[in-house]
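Here the structure comes first, spelled out in structure tokens, and everything after it is commentary.
The values are calculated or read from the model by the stated rules, or taken from the named source; none is laboratory data. Because the structure is predicted, anything quoted here is derived from the model rather than measured. Counting neighbours? That spans all protein chains shown, and the Cβs are built from the backbone with ideal geometry, glycine included.
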Amino acid sequence: MSISKDVAKSYQQVSLFQREEGKKLIDDVEIHRGHVILDLGCGTGELSVYLSELVGQDGRVVAVDPDSYRVEVARESHREVKNLAFHEGSSASFPGMGLKTYDIVFSNFVFHWIKDKEEAFKNMFRSLKPAGKIVVSYTDRLPSIVSKIYRELQNSESMERMLSKRWYERRANMEEMCSAAGFEIIKSVDVKMDDFEFENVESLCSFFLATNQGRFISELATGDKVSRFCAQYSSGENSKPLTVYTDEGDYYCVLTAAKS
């Protein structure tokens, strides 16, 4: 198995936080049987499966991710789900783009990976049916706990590599781009991040390796570094589960909008 596919499998195993936060987004829209949904940035597809259950066999979920290895793992893991299809693609290229195909577009913790956000909003707008909705969760800055993890467990070069593929945009700018694309904003709020829970230290490292597209070097996270980090920022190196504490200012944003 390739290193990249190993990373994709790690993502599948440790992305529980993102999946559970994604489920909360569903409360912001009414999903009905028969709906056609786009999951933009689906990862290995766990949230996509949940969406497929909600739309039923008369509905359909199209799940898209730019990482071919994640798409491969998703197809292998969820091949029995008949109303769900996985595709390699992005906010700039996905099935049904521009064809008023979808009732709802979900994008869960993806927008900081998207450089051209104006194009992304326009493409989502053109791809929705009349009165269709988008639900987008994103971070508008690097969470301080992530900065601490890279500062304490990695090095400056690793931090630079990680930041080089993230494009943050403040909430006000996101709202402006969303409105400019034609959407009517229903809700735009900050949500406090919960503390991160991991099975153990190895699971913590796997999480950051997987969710940062391989830009976390496990070998740099030596025993001494991990011990110091855990003593300062967690419930304790040997605690199970291992809770890593977020800061008061760590939050993410949720944007819900409708095609007007």
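Every condition in (1) surrounded by 24 or more Cβ atoms within 10 Å (Cβ to Cβ); (2) in contact (Cβ under 8 Å) with a residue 40 or more places away in the chain; (3) more than 24 Å from MET162 (Cα to Cα) is met by SER77 except one, and the failing one is (1).
Strands (runs of 3 or more DSSP E) fully within the range 22-104 that include at least 1 residues being among the aromatic types (Phe, Trp, Tyr) and at pLDDT 95 or above: 84-88. Would you be able to say whether some residue in the range 109-117 is at pLDDT below 95, under 20 Å from the mean Cα position of the chain (by Cα), surrounded by 20 or more Cβ atoms within 10 Å (Cβ to Cβ) and over 30 Å from GLU237 (Cβ atoms)? Yes; the residues of the range 109-117 include at least one that is at pLDDT below 95, under 20 Å from the mean Cα position of the chain (by Cα), surrounded by 20 or more Cβ atoms within 10 Å (Cβ to Cβ) and over 30 Å from GLU237 (Cβ atoms). Take the conditions (1) farther than 30 Å from THR101 by Cα; (2) charged (D, E, K, R); (3) buried (at least 18 other Cβ atoms within 10 Å of the Cβ); LYS259 misses just one of them, which is (1). In summary, PHE111 fulfils each of the numbered conditions (1) of a type in the set (A, V, I, L, M, F, W, C); (2) within 14 Å of LEU47 (Cβ to Cβ); (3) out of contact with any His (no Cβ under 8 Å at 6 or more places or on another chain) with the single exception of condition (2). When you check ARG126 against the structure, is it part of a loop (DSSP other than H, G, I, E, B) and either among the aliphatic types (A, V, I, L, M) or surrounded by fewer than 21 Cβ atoms within 10 Å (Cβ to Cβ) (or both), yes or no? No; evaluated as a whole, the condition is false for this residue.
Screening VAL49 with (1) over 20 Å from MET124 (Cα atoms); (2) without any contact (Cβ under 8 Å) to a residue 60 or more places away in the chain; (3) in contact with a Phe, Trp or Tyr (Cβ under 9 Å, 6 or more places away or on another chain) gives one miss only, at (3).
Close Cβ contacts (under 6 Å, 6 or more residues apart or on different chains) running from residues in the range 21-34 that are within 15 Å of LYS133 (Cα to Cα) to residues that are part of a helix (DSSP H, G or I) and among the aliphatic types (A, V, I, L, M) comprise ILE31/LEU54.
Do we find that ASP65 is in contact with a Gly (Cβ under 8 Å, 6 or more places away or on another chain) and more than 23 Å from VAL189 (Cβ to Cβ) in this structure? Step through it out loud before you land on a result.
Values: in contact with a Gly (Cβ under 8 Å, 6 or more places away or on another chain): yes; more than 23 Å from VAL189 (Cβ to Cβ): yes.
Against the criterion (in contact with a Gly (Cβ under 8 Å, 6 or more places away or on another chain) and more than 23 Å from VAL189 (Cβ to Cβ)), ASP65 qualifies.
Residues in the range 80-108 that are polar (S, T, N, Q) and either in contact with a His (Cβ under 7 Å, 6 or more places away or on another chain) or touching a residue at least 12 places away in the same chain (Cβ under 8 Å) (or both) were compared, and the one that is nearest to LEU142 (Cα to Cα) is ASN108. Quick one: in the range 172-230, of everything that is of a type in the set (Val, Ile, Thr) and surrounded by 14 or more Cβ atoms within 10 Å (Cβ to Cβ), which residue is farthest from PHE111 (Cα to Cα)? Result: VAL226.
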